[in-house]
Amino acid sequence: MWWVSSKRDKVLSNSSIQEYNLPLIIEHNGFEGTMNSMTAFFTHREILLNLVRKNLKGKYAGSVLGILWAFINPLLLALIISFVFTKILKMDVEHAYLFILAGILPWTFFANSLQEAVVSIPAHASMLKQFSIPKELIPLSSVLAHFTLLLVGLLITLPFFAAVNFRVILMLPLLLTVLFLQLLFTTGLSIMISAIYVSFRDVNQLLNVLLLFWLWLTPVFYSVDMIPQAYKGLFHFNPMTPYISLYRNALLYGGNTSFGLLGITLLLSLIAGGMGFFVFHSREKDFLKQI
């Protein structure tokens with residue numbers, strides 16, 4: 001059970017306490033902590049929102065275009081990749097630019113969330129040593145910050161997808177569903193690796209290498225149909241493949257919904273989310289000794 005300590009607040013009435021409005025809480029570990037995470041998110045939603053807001057402000061401090069860079073970067077990358085694949089490699093992909101954009105936006109959210117979340121616990125060591133807050137809020141705030149950027153990118157590009165296929169508007173329920181499922185999947189992996197990184201600092205370097213291979217083994221720049229039959233099994237074992245396929249179904253194809261893909265992504269999201277929170281809460285008791 002959580003309670004506010006007025007005496008503690010007076011002792012810690014500095015800039016940090018004013019910025020985050022941090023309360024004093026009792027920690028929960030293991031399975032109990034996993035079951036109480038949703039309650040913690042709701043109870044400490046103001047702290048979480050402030051962490052997300054601070055994260056976003058820090059990314060674009062001093063930038064003229066600000067949050068628009070979240071859209072410009074994948075836009076330019078999709079433009080370059082589509083030019084190389086269609087003009088130089090002569091790949092026949094209908095609406096190649098939008099095809100790649102539909103894959104690169106969710107991949108960017110996924111990869112950037114993991115890369116930032118993995119180091120988030122040591123990066124906030126001073127805060128965690130001063131205040132007792134649900135520690136999972138730290139990596140979660142990184143994921144939600146990048147999820148906000150994904151939503152901005154989709155809002156800006158949605159009219160372009162609608163211009164190609166107006167039925168995209170009818171597929172908004174599918175788009176919202178896959179957004180939620182990918183958020184849960186990414187959150188689970190992010191908090192899990194953030195907890196492991198506290199003890200094993202090589203995880204960050206391994207993650208960077210893994211994401212590089214993972215990107216090219218995910219149909220971001222090509223479709224599943226382009227994969228030779230002998231290697232399709234390898235790609236079907238890639239957990240990001242069904243998410244990218246569903247994004248394309250919702251944004252570009254407008255109607256080719258696969259309930260099988262939805263079932264797979266639901267299962268993956270539940271497994272990743274459950275494992276992530278369980279691993280995090282089973283290890284968090286040792287965080288303060290190791291950061």
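Bear in mind these aren't lab numbers, they're just calculated from the coordinates by the rules spelled out. Every value quoted in this text rests on a predicted model; they were computed, and no experiment measured them. We place every Cβ from the backbone using ideal geometry, glycine too, and count neighbours over all the protein chains shown.
Sorting THR108, THR265, THR186 by the number of Cβ atoms found within 10 Å of their own Cβ, with the fewest placed first, yields THR108, THR265, THR186.
Shown in residue order for segment 207-221 are the 3J(HN,Hα) couplings computed by the Karplus curve 6.51 cos²θ - 1.76 cosθ + 1.60 at θ = phi - 60°: 5, 4, 5, 4, 5, 5, 5, 4, 4, 7, 8, 10, x, 7, 9 Hz (x for Gly and Pro). Note on TRP107, TRP216, TRP69: ascending count of other Cβ atoms within 10 Å places them as TRP216, TRP69, TRP107, the fewest first. For segment 85-235, evaluate the Debye formula with one uniform point scatterer on each Cα (no solvent term) and list log10 I(q)/I(0) at q = 0.19 Å⁻¹, rounded to two decimals. Listed by q, the Debye log ratios stand at -1.22. Under the shape rule built on the C-alpha gyration tensor, where the axes satisfy a ≥ b ≥ c, segment 79-148 is prolate, since a/c reaches at least 1.5 and a/b is greater than b/c.
Treating each Cα of segment 151-220 as one equal point scatterer and applying the Debye formula with no solvent, the log10 of I(q)/I(0) at q = 0.15, 0.20, 0.21, 0.27 Å⁻¹ comes out as -0.73, -0.97, -1.00, -1.17. Please list, in order, the residues from segment 151-182 whose amide nitrogen is less than 18 Å from a point placed 7 Å along the Cα→Cβ vector of LEU68. Flagged as within label range: 151-160.
Taking other C-beta atoms within 10 angstrom as a stand-in for reagent exposure, SER282, SER113 fall in the order SER282, SER113, fewest first. Hydrodynamic radius of segment 186-289 by the Kirkwood approach over all distinct alpha-carbon pairs: 15.6 Å. Per-residue Karplus couplings for segment 166-174, computed as 6.51 cos²θ - 1.76 cosθ + 1.60 with θ equal to phi - 60°, are listed in order as 5, 5, 4, 4, 6, 9, 4, x, 5 Hz, Gly and Pro entered as x.
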